[in-house]
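The values are calculated or read from the model by the stated rules, or taken from the named source; none is laboratory data. Because the structure is a prediction, the values reported are computed rather than measured. With ideal geometry, Cβ positions are generated from the backbone for all residues, glycine too; neighbour counts draw on all protein chains shown. Quick note on the areas: whole protein, heavy atoms, side chains included, nothing else; ligands and nucleic acids left out. Shrake-Rupley method; radii C 1.70, N 1.55, O 1.52, S 1.80 Å.
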2 protein chains.
Amino acid sequence: MSSSGTVRSYDAVVVGAGIVGLACAWRAAQRGLSVLCVDGATPGGGASGAAAGMLAPVTEADFGEEALLGLNLEAAAAWPAFRDELEEAGGIDIGHRASGALEVAADRDDLEELRRRLAFRRSLDLDAEWLTGRECRRLEPGLSPRISAGIEAPGDGHVNPRAVVAALRRAFERSGGELVTGVRATVLVRDDRVQGVDIEGRDRVAAPALVAAAGAQTRALPGLDADALPPVRPVKGQILRLRVRPGASLPAARVIRSPRCYVVSRDDGEVVVGATVEERGYDTSVTGGATHDLLRAALELVPDMRELTLVETSAGLRPGTPDNAPVIGTSEVESVVLATGHYRNGILLAPITADSVVELVATGRAPDAIAAFSPRRFDRSERVAS
Amino acid sequence: MSSSGTVRSYDAVVVGAGIVGLACAWRAAQRGLSVLCVDGATPGGGASGAAAGMLAPVTEADFGEEALLGLNLEAAAAWPAFRDELEEAGGIDIGHRASGALEVAADRDDLEELRRRLAFRRSLDLDAEWLTGRECRRLEPGLSPRISAGIEAPGDGHVNPRAVVAALRRAFERSGGELVTGVRATVLVRDDRVQGVDIEGRDRVAAPALVAAAGAQTRALPGLDADALPPVRPVKGQILRLRVRPGASLPAARVIRSPRCYVVSRDDGEVVVGATVEERGYDTSVTGGATHDLLRAALELVPDMRELTLVETSAGLRPGTPDNAPVIGTSEVESVVLATGHYRNGILLAPITADSVVELVATGRAPDAIAAFSPRRFDRSERVAS
């Protein structure tokens, strides 16, 4: 037997110390619950640490995802207050910038795509104004002369996800929460009800509620029946981190996007170029092809990025779902609440997810915000097929 | 005073534990000299550790460098015996492969350049046969359909420079030599004659002979008068290391070259893509632009390299000289022998350099092989101007 046999009790266990898990754990601890957060790796060691940190409900909006757009807009509106509270509680600047974003066209195909996106935005009653190439360069002088048009999304912005993870961790621990990382936890279920977790080589933990926030690893959590969980799958994203030289200016003030990449410029000099979207199972290797394509796509937007220092190449696994929307709500196992499937919007959705999950754990009622994102929206055939 | 005051004596001190310095140190120790080798950083931490390790007298041959070609060919001929002796003495497989090399053309400009290179080779009485694109792909099936022609250099090959450094280090120490790294050494000169070195925080070392083999750092060695040294300057090279997935085949059997890159495939699965040639002083940053250009150039040759894992990006500083040839011989300070300026051929030239340097240190006579590469071939104005 792997555990020492002692039993400790908590009001809730959160499995996963990424941005979603830590936000849930912090909010639960703030509400007065005794909370254990456990992760097999390091805090933010999965998708959260790889992510660029865009808060981009508008530029991430896509055809056919109108319900998700509503959640994303609500989540974005909640971020400034969340930031203030988190920076106060965690004592760390999380690099939040309401920078705005600029979607641009670098060739004829892009131009056609941009026109479609303009029409799509207007159909959703989102403000959108067509900018000429010259107008784009007036906003962002670093843009290539090849850029022929653009659409601004003034409300989009970004945070530094690694700083968010660090702040959440401190805020959670300062609220009395306990974090255990680098150990394997097995969920204990009896009669379709969660009993707690068994932490390898340590205590057995009893808890009447468990939040499964392990991102793309959620269906692989030991002790849970994968076939009874919604079809969350890993979607690989490769991403580059570059840095401006001391004294040099950032490539752009706004987030810059084309159909092939986005460029996020942080005030501390970090410039993030992302991201591939690949169906490769649990593979997290960085490839020559993806690194080439991302660099080419970025240099096509801002040629002066050639001179930036390339400091990191990495890959993360987004938790994807069939409808690209998150899975937030009680699973088939009573008292196991799922908080996963956030796909490309994990950073944006973490605060609203945490508020909803904690409300659900504390009261047993799912708030309206997440009604459309219940795990029960997928039928079993979809689960097994995935 | 930084040294402890004690004086130890050696027959010779070698400053620099790159491939040239370690080869000189090993050869001197083999000859029965007591030798101290000292380096401010780690063994192979400079250009040797960044290098691809090509032994390519023919494909590196360039217009106007005929004297260098002679030395390079002689050096290449000496490598197999050196390899046998080093692997025996060091107990490490250094990955030597007489793979041959294939210079190819991917576009019209390349084709013209390749024709010039064919004529150049023939003018030097080097064998060279024109291959069609189809013939190239018969030799190397991974080559892109865009490759329209090629010239083979069957005698070119490569070693793994990091393995060579490791083997040299062990061979040197097994021969009784002493290696001290990570400390600053100041050359002690009195009356234009070397006295030894002062090692920061350690003993003062007395030695009647000193070999300066610090590559691009040679003119910056504390205690030497830079103005009295030949015009060796840093020439930055950025280089990528990729890896084939387990079970997958190598991109090519031979070294593949275009005017924009070379690709070296090792039996252990490492694939090296190099290298930029940049005049940037002592800057060793890895840039987005160079990484992009090298990947693009490699994918243009072997499209399947997209799937390779990108494991390392790095930059080294080659010791460049006005005529691209090395500087091997006694400096203006008596008993200071220079072994630097190897530019793009440091790995290839290390064994012949070591043999020549040790001959010079032991007998006072410079062997014929290095007569054309004396430090005295540059006049003082060139030294100061550089």
| query | Do any strands (runs of 3 or more DSSP E) lying entirely in segment A:1-120 carry at least 2 residues that are modelled with pLDDT of 95 or more, and which ones are they? | reply | A:12-15, A:35-39, A:101-105
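Okay, residues lined up against (1) under 25 Å from B:Gln30 (Cα atoms); (2) polar (S, T, N, Q); (3) crowded, with 23+ Cβ neighbours inside 10 Å:
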| position | (1), (2), (3) |
| --- | --- |
| B:Ser175 | yes, yes, no |
| B:Leu179 | yes, no, no |
| B:Asp192 | no, no, no |
| B:Val197 | yes, no, yes |
| B:Gly201 | no, no, no |
| B:Ala206 | yes, no, no |
| B:Ala216 | no, no, yes |
| B:Ala220 | no, no, no |
| B:Asp225 | no, no, no |
| Got a sec? Which of A:Arg296, A:Arg344 is within 14 Å of chain B (Cβ to nearest Cβ) and either free of Cβ contacts under 8 Å to residues at least 12 places away in the same chain or assigned to a helix (DSSP H, G or I) (or both)? | A:Arg296
| remark: When segment B:145-173 is checked residue by residue, the ones that are over 24 Å from B:Gly45 (Cα atoms) and open to solvent by less than 40 Å² (accessible area, probe 1.4 Å) are B:Ile147, B:Ala149, B:Gly150, B:Ile151, B:Ala153, B:Asp156
| One residue from B:Arg134, B:Arg97 being open to solvent by 20 Å² or more (accessible area, probe 1.4 Å), on the phi < 0 side of the Ramachandran plot, in contact (Cβ under 8 Å) with a residue 12 or more places away in the chain and not β-branched (Val, Ile, Thr) | B:Arg97
| query | Restricting attention to segment A:299-313, which residues are open to solvent by 20 Å² or more (accessible area, probe 1.4 Å), touching a helix residue (DSSP H, G or I) at 6+ places or on another chain (Cβ under 9 Å), closer than 19 Å to A:Ile239 by Cβ and touching a residue at least 60 places away in the same chain (Cβ under 8 Å)? | reply | A:Thr309, A:Thr313
| Given the conditions (1) of a type in the set (Lys, Arg); (2) outside any loop (DSSP other than H, G, I, E, B); (3) open to solvent by 60 Å² or more (accessible area, probe 1.4 Å), which single one is not true for A:Arg318? | (3)
| Count of residues meeting criterion [within 14 Å of chain A (Cβ to nearest Cβ) and either open to solvent by 20 Å² or more (accessible area, probe 1.4 Å) or within 13 Å of B:Glu307 (Cα to Cα) (or both)] in segment B:251-262 | 2
| said: Give all pairs with beta carbons closer than 6 Å in which a residue from segment A:137-162 that is closer than 30 Å to A:Ala17 by Cβ meets a residue that is part of a strand (DSSP E or B) and among the charged types (D, E, K, R); count only pairs at least 6 apart in sequence or on separate chains. | reply: A:Gly157/A:Arg97; A:His158/A:Arg97
| task | Would you mind stating whether A:Val211 is more than 14 Å from chain B (Cβ to nearest Cβ), more than 26 Å from A:Ala61 (Cβ to Cβ) and open to solvent by less than 30 Å² (accessible area, probe 1.4 Å)? | result | yes
| request: Looking for whichever is in contact with a strand residue (DSSP E or B) (Cβ under 7 Å, 6 or more places away or on another chain), away from every other protein chain (no Cβ under 14 Å), aliphatic (A, V, I, L, M) and closer than 28 Å to A:Val271 by Cα here; the options are B:Val286, B:Val235, B:Val272. Which one fits? | output: B:Val235
| In segment B:309-335, residue farthest from the other protein chains (Cβ to nearest Cβ) [restricted to those that are in contact with a Phe, Trp or Tyr (Cβ under 7 Å, 6 or more places away or on another chain) and under 30 Å from B:Leu250 (Cβ atoms)] | B:Arg318
| request: Name the residue, out of A:Ala67, A:Ala77, that is without any contact (Cβ under 8 Å) to a residue 60 or more places away in the chain, open to solvent by 30 Å² or more (accessible area, probe 1.4 Å) and of a type in the set (A, V, I, L, M). | output: A:Ala77
